[in-house]
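The structure under discussion appears below in the form of C-alpha cells.
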Amino acid sequence: MTTTTKLWIALAILVALTPLGLVLPGVFGAETAWGEWSTEEVHKLVGFVPSKMAHLSQLWKAPLPDYALQGQENARLPALSGSYILSAVVGVAVVALVMILLGRVLARRDKSDTA
Amino acid sequence: MHIPDGYLGPQTYAAAYGIMAPLWAAASRIVSATLRSRQVPLLALGAAFSFVIMMFNVPIPGGTTGHAVGAVLVAVLLGPWAAVIAVSVALIVQALLFGDGGITAIGANCLNMALIMPFVGYGVYRLVAGRSDVRSPRRWIGAALGGYVGLNAAALATAVEFGIQPLIAHNAAGQPLYAPYPLSVAVPVMAAEHLLLFGFVEAAVTGMVVAYLQRSDPSLLPTSSRDIAAAQRHGAARPPAAVAVACDLATQPPAAVSGRCAPEPETEARR
C-alpha cells in the first residue's frame, strides 16, 4: 500500500471521529470560539449588537450552516453528529476535488522532471 | 479563528483581499513551477486534512473552543506556497458551504491561516531542521515548533484585525459598528488561549504526522524541498519583489542571505 493510500485511510478515520469536535466542547462546557459569536451571543456579551454587524452577518446563507443541515439548530446530539460526519464527507470530497483539478492545471508534467 | 461576516469593516476586509490577491497569483505561479503532477494527490490530501482537522474543536473547559489548522504540516511537506493554495481552498469551501468564516472575511481568514501561518511555521521548521538528515529528530521537532509558532502568529494577526475595529469604525456615541472588543481585550485573550492550549494541539498534530512520515516514507519529506530548490535554481519562479521580501522574512535562516525563496537550496539536492 502506498503512503498516500494509507494517509487517505487515516483521513477517513479522522472523518468518522469528527463528532468529537462537536461533543467534547459540550462535555467541557466550552462555548463558541472567541470572536465567532452569533449576533445573539454578541448581544449577551456586550449588551448590544453593533449596527453594521447585525446587517452584514446576514450576508450569506450557507447550504450546510455550521456543519449541520438547515433547520437543525435545535436537533439532538446524535442527529447533529450524523450531520457533522456528512459535512466532513462533503467537505473533504469538495476540497480534494477542487485541489486535484487545480493541481492538474498548475502542476508540471513528470516528464520534465528529468531535465 | 474563522472571522465571520460582520466582524470586520470594509476597510479591513477589502485590504485583506487586496493583500491576498497578488499573493494567490504568486502562489499559483510558484506552485506551477515547482509542483510535480505526482505530488497533486498529496496536495489534495493536505487540503482535505486541513479542512477536517479544523472540525475538531478543542474545548477550554468552561471557556471557548479552538482548533488546529494543519497549514504548517502542508508547508513542511510541499512548501509554503503550496500551503497557501491548499489552506485557501479549505477555507473558501468552509465559508461557502458551511458558513464557517464570512464571505467578506475570506481574504482576512486566508491572510491569517493560509499565508502568515504556513510561512511563519515553515520558517521556524527550516531554522530548527537546518541541514539535518531527513530522519533526524530535528525534522519533527522543527515541524512541531513550527506548528506552535505558526498557529500563534495566525491567532495574533486575527486578534489585531478584531481589535482595530472599534478604532476604525464607531458611531457618534462611541459604540463600535463591527467587532466590539478593543486590542487590549482581543490580543491577550486570543494570545493566551493559543499559547496555552491550541498551539500545543497544532504542534502535536504537525509533529506526529512528520514523525510518522520520517519512519514510513521519508522520501515525501526531502522530495518537496528538492523540487522547490531545483525550480528556484533554474530560475523557473521568481516571485515579485514584495513577495520575495515577505518570503525571505518568513523562510530564510538569518545566516543565509541569498535573496532566494527556498532556504538552503543545495542541501537536499547534494544528497
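The values are calculated or read from the model by the stated rules, or taken from the named source; none is laboratory data. Everything numeric in this text was worked out from a predicted model, so none of it was measured. Every residue, glycine among them, receives a Cβ derived from its backbone with ideal geometry; neighbour counts consider all protein chains shown.
Can you find even one residue in region B:100-119 that is among the small types (Gly, Ala, Ser) and farther than 30 Å from A:THR39 by Cβ?
First pass over region B:100-119, keeping only residues among the small types (Gly, Ala, Ser): B:101-102, B:105, B:107-108, B:114.
Checking the rest, the ones that are also farther than 30 Å from A:THR39 by Cβ come to none.
Scanning region B:100-119 turns up no residue that is among the small types (Gly, Ala, Ser) and farther than 30 Å from A:THR39 by Cβ.
Just wondering, is there one or more residues in region A:99-110 that are under 22 Å from B:SER88 (Cα atoms), in contact with a strand residue (DSSP E or B) (Cβ under 7 Å, 6 or more places away or on another chain) and surrounded by 13 or more Cβ atoms within 10 Å (Cβ to Cβ)? Let's see the steps before the verdict.
Restricting attention to region A:99-110, the residues satisfying the condition of being under 22 Å from B:SER88 (Cα atoms) are A:99-108.
Of the ones still in play, those that are also in contact with a strand residue (DSSP E or B) (Cβ under 7 Å, 6 or more places away or on another chain) are A:107-108.
Among the residues that remain, those that are also surrounded by 13 or more Cβ atoms within 10 Å (Cβ to Cβ) are: A:107-108.
The answer is yes, given that some residue of region A:99-110 is under 22 Å from B:SER88 (Cα atoms), in contact with a strand residue (DSSP E or B) (Cβ under 7 Å, 6 or more places away or on another chain) and surrounded by 13 or more Cβ atoms within 10 Å (Cβ to Cβ).
Please list, ordered by residue number, the helices (runs of 4 or more DSSP H) wholly in region B:81-182 having 2 or more residues that are at negative phi and crowded, with 24+ Cβ neighbours inside 10 Å.
Hits in region B:81-182: B:106-110, B:117-129, B:137-163.
For A:VAL105, are the conditions met, namely being more than 7 Å from every other protein chain (Cβ to nearest Cβ), assigned to a loop (DSSP other than H, G, I, E, B) and more than 19 Å from the chain's Cα centre (by Cα)?
On the way: more than 7 Å from every other protein chain (Cβ to nearest Cβ): yes; assigned to a loop (DSSP other than H, G, I, E, B): no; more than 19 Å from the chain's Cα centre (by Cα): yes.
Answer is no for this residue.
Here's a check for you: in region B:1-39, which residue that is aromatic (Phe, Trp, Tyr) and in a helix (DSSP H, G or I) is farthest from the other protein chains (Cβ to nearest Cβ)? Working first, answer last.
In the first step, residues of region B:1-39 are kept if they are aromatic (Phe, Trp, Tyr); the result is B:7, B:13, B:17, B:24.
Filter once more, keeping what is in a helix (DSSP H, G or I): B:13, B:17, B:24.
Working: B:TYR13: 9, B:TYR17: 15, B:TRP24: 11 Å.
Going through the qualifying residues, I end up with B:TYR17.
When region A:17-56 is examined, which residues are found to be surrounded by 15 or more Cβ atoms within 10 Å (Cβ to Cβ), outside any loop (DSSP other than H, G, I, E, B) and more than 8 Å from chain B (Cβ to nearest Cβ)?
Matches in region A:17-56: A:VAL23 only.
Somewhere in region B:109-125, is a residue in contact (Cβ under 8 Å) with a residue 60 or more places away in the chain and within 12 Å of chain A (Cβ to nearest Cβ)?
Yes, that holds for at least one residue.
Do we have B:ALA204 as closer than 19 Å to B:TYR122 by Cβ and either facing chain A (nearest Cβ under 10 Å) or free of Cβ contacts under 8 Å to residues at least 24 places away in the same chain (or both) here? Talk me through it step by step, then tell me what you get.
Working: closer than 19 Å to B:TYR122 by Cβ: yes; either facing chain A (nearest Cβ under 10 Å) or free of Cβ contacts under 8 Å to residues at least 24 places away in the same chain (or both): no.
No; evaluated as a whole, the condition is false for this residue.
So, in region A:25-39, exactly how many residues are among the charged types (D, E, K, R) and modelled with pLDDT under 95? Full working, then the answer.
Quick first cut of region A:25-39, residues among the charged types (D, E, K, R) only: A:31, A:36.
Subset that is modelled with pLDDT under 95: A:31.
So the answer is 1.
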